[in-house]
């Protein structure tokens, strides 16, 4: 009998009473269902011998999908009382273990089949069945998406939320599970793309501060596109404790302190539950037909002409003194206009020393008014649209005080303000001086539909999701990258999950020491490699240099929401499942 390889482990020498050992199995399932069941049992036994209490298995562990049509898929799929499920239930009962296993399960009538994830308890009982709600491309031709309300399960190990592969390449399902109180995501995957390992899995942990055990298929036929592996166990802050790699079959396990997921305060950021704005999220529950995005779903109209927009990153921020900084910005504006740019974007609080607005918001607001006027004049002189982030003051006559806002402006090429966005999601520093904004608007302008996002709001998936639903073709993002993952994971994901261009322009002195970034909403084309179908292209500037990136974006691409032949990651949303996103705090959310 083949020995199960243990590929990576993490043992916690400081284990507490809330520490649990969890594992992920990585392998390829062939056409022999009984052999696949036996393989899963061997993994369970190997895990039990290592003291693991919960093992996550890949999606469709029961059988490789070589089905020609829905009828054959139904014929070869499983029932909940079938032999594959029964074998695993018996093994869990014998070993006293929990397991999460992906199984393609027949629906109530032929030829409906659900892609399912089963949570099995240590007594062999089926504790929960999750039906995958978002499919990867071809799966829409064989399976029926789940429509059941999303749930988490309270177990002695912790509160567990189940998701499956494409459920996690969009933000909605893991975000709901996080809001319901999940401490641990168990994710069964069947992915051939690199983005699960590199982006989706760690980012979904970061966004909700939840542990994540992800198990993927690996390998496959030598003449086929290989499954990517990369099974891993990820901390609530996005670090991979253990990873199985991308080539070998085997088991990984790690000790995790499940209670860590209960503290939602992220150092240097905020309480990521408290800073949410569910009062602004109503459109997340609206029918797509009632929103501006309705006209942008699916593939772009083949008769729609290109909508080119030349965009420049004006990467300049505080250097030596305020006047010199403003002078350099004006120079960047003139240069961008001479190069043919239509829109230029400046970094977060570009004209201030780091921390200056929080230390003296009144002074920063006075300076901002002067800078705004100078930039409006420059925009009119050089016929360039601009995005700038400044401090805005507004008298509160009722209270005889002044409110201050962290505000981004879209200035048109006549110098007029076309859009004003007051930051809605305030971090710990913002909250000491700023008033939160009350809207997340999109400006319909003659150069396109433009939305604005500020700084670390890139970590809040609801912000760009709302801008997308409200018809944005491009989002301009003055920022100050706090860590490299903000650009390489969060910003890239915002375009991937929404198919909207994102222009992020950072300060010269950003803590992450990386430059500005433009992520394109690449239009799907038949024949694209899987990685390019799912992972949008991007261009960067260097850190610390007043470097200007000029790129022509085609806003038509934001009217093609397709990620493949069948998957529209916006249009396939199920708003009726996302009610928990509109709640403040959930105290009774488990069963």
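The values are calculated or read from the model by the stated rules, or taken from the named source; none is laboratory data. Since the structure is predicted, the reported quantities are computational estimates derived from the model, not experimental observations. Neighbour counts are summed over all protein chains in view; Cβ atoms, including those assigned to glycine, are modelled from backbone coordinates with ideal geometry.
Structure notes:
- Spans of strands (runs of 3 or more DSSP E) in segment 231-321 with at least 3 residues within 30 Å of residue 335 (Cβ to Cβ) and touching a residue at least 60 places away in the same chain (Cβ under 8 Å): 308-314
Table: residues versus (1) under 22 Å from the mean Cα position of the chain (by Cα); (2) modelled with pLDDT of 95 or more; (3) under 18 Å from residue 176 (Cβ atoms).
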{"residue": "232", "(1), (2), (3)": "yes, yes, no"}
{"residue": "242", "(1), (2), (3)": "yes, yes, no"}
{"residue": "256", "(1), (2), (3)": "no, yes, no"}
{"residue": "266", "(1), (2), (3)": "yes, no, no"}
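- Selected residue (criterion: surrounded by the fewest Cβ atoms within 10 Å (Cβ to Cβ)) from residues of segment 287-313 that are closer than 24 Å to residue 460 by Cα and in contact with a helix residue (DSSP H, G or I) (Cβ under 6 Å, 6 or more places away or on another chain): 294
- Qualifying residue in segment 535-546 (condition: closer than 22 Å to residue 459 by Cβ and within 14 Å of the chain's Cα centre (by Cα)): yes
- Residue count for segment 39-66 satisfying the condition of being over 17 Å from residue 121 (Cα atoms) and in contact with a strand residue (DSSP E or B) (Cβ under 9 Å, 6 or more places away or on another chain): 10.
- Among residues of segment 384-414, those that are closer than 23 Å to residue 506 by Cα and part of a loop (DSSP other than H, G, I, E, B), counted: 3
- Residue in segment 386-393 that is under 29 Å from the mean Cα position of the chain (by Cα) and either surrounded by fewer than 16 Cβ atoms within 10 Å (Cβ to Cβ) or outside the structural domain of residue 316 (by TED's automatic domain parsing) (or both) present: no
This table checks each residue for (1) under 21 Å from residue 113 (Cα atoms); (2) touching a helix residue (DSSP H, G or I) at 6+ places or on another chain (Cβ under 7 Å); (3) not assigned by TED's automatic domain parsing to the domain that holds residue 160.
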site	(1), (2), (3)
50	no, no, no
67	yes, yes, no
85	yes, no, no
93	no, no, no
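- Looking across segment 349-380, the residues that are touching a helix residue (DSSP H, G or I) at 6+ places or on another chain (Cβ under 8 Å) and over 25 Å from residue 482 (Cβ atoms) come down to 374, 375, 378, 379.
- Summed over segment 335-366, the residues that are part of a helix (DSSP H, G or I) and either at pLDDT below 95 or over 21 Å from residue 510 (Cβ atoms) (or both) give a count of 8.
- Check on residue 214, in the same structural domain as residue 173 (by TED's automatic domain parsing), more than 26 Å from residue 179 (Cα to Cα), at pLDDT 95 or above and surrounded by 24 or more Cβ atoms within 10 Å (Cβ to Cβ): no
- Highlighted here would be strands (runs of 3 or more DSSP E) found entirely within segment 484-591 that include at least 2 residues which are touching a residue at least 40 places away in the same chain (Cβ under 8 Å), in the same structural domain as residue 238 (by TED's automatic domain parsing) and surrounded by fewer than 21 Cβ atoms within 10 Å (Cβ to Cβ), but there are none.
- Checked against the criterion of being assigned to a loop (DSSP other than H, G, I, E, B) and either farther than 23 Å from residue 481 by Cα or without any contact (Cβ under 8 Å) to a residue 24 or more places away in the chain (or both), segment 451-465 contains not a single residue that satisfies it.
- Segment 137-188 holds strands (runs of 3 or more DSSP E) entirely within its bounds, and those carrying 2 or more residues that are crowded, with 24+ Cβ neighbours inside 10 Å and in the same structural domain as residue 213 (by TED's automatic domain parsing) map to 158-163, 184-188.
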